[in-house]
């Protein structure tokens with residue numbers, strides 16, 4: 001079972017997870033694994049052009065953001081970022097560094113890097129909720 005799938009049972013409404021890494025590092029692949037771990041079996045596309053995709057799975061709503069093409073962080077206000085961060089869903093944010101001042105601190109930071117022929121994934125919990133998520137990987 002992949003790391004994303006192993007984290008998925010610990011997801012709760014209100015959690016915020018940042019995913020960082022170069023283009024093609026595997027951020028969207030990680031999100032796909034997480035959604036699969038929750039039982040979602042339909043297509044999972046990158047929200048590069050739409051900024052956000054939402055998924056309802058077993059009473060939980062997952063919001064997947066990709067901020068790579070964000071021209072101005074104020075665009076987040078136009079899509080209603082505050083509504084997404086209201087604690088009713090899980091927010092997964094790719095490229096969070098493009099909107100630092102508009103986003104609260106996450107519960108968990110996931111950094112993905114290419115290392116030769118494999119990926120290196122580092123996790124950093126920034127809240128008790130994030131620490132509880134990481135316990136699932138032990």
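Just so it is clear, none of the values below were taken in a lab; they were calculated from the coordinates. Being a predicted model, the structure only gives us computed values, none of them experimental. So basically every Cβ, Gly included, is an ideal-geometry build from the backbone, and we count neighbours across all protein chains shown.
Centre-to-centre separation between the Cα atoms of the range 49-123 and those of the range 4-22: 10 Å. By the count of neighbouring beta-carbon atoms within 10 Å, fewest first, 82, 69 end up ordered 82, 69. Convex hull volume per residue, computed on the Cα atoms of the range 49-138, equals 135 Å³. In terms of packing, defined here as the mean over residues of other Cβ atoms within 10 angstrom, the peptides 122-129, 5-12, 106-113 line up highest first as 106-113, 5-12, 122-129.
If you take the square roots of the eigenvalues of the alpha-carbon gyration tensor of the range 86-138 and sort them as a ≥ b ≥ c, do you get rounded (a/c under 1.5), prolate (a/b over b/c) or oblate? Note, shape of the range 86-138 comes out oblate. Dividing the C-alpha radius of gyration of the range 1-114 by 2.2 N^0.38 Å, with N its residue count, gives 0.98.
Diffusion coefficient (Stokes-Einstein, Kirkwood radius over C-alpha pairs, 37 °C, 0.692 mPa s) for the range 34-94: 268 µm²/s, rounded to a whole number.
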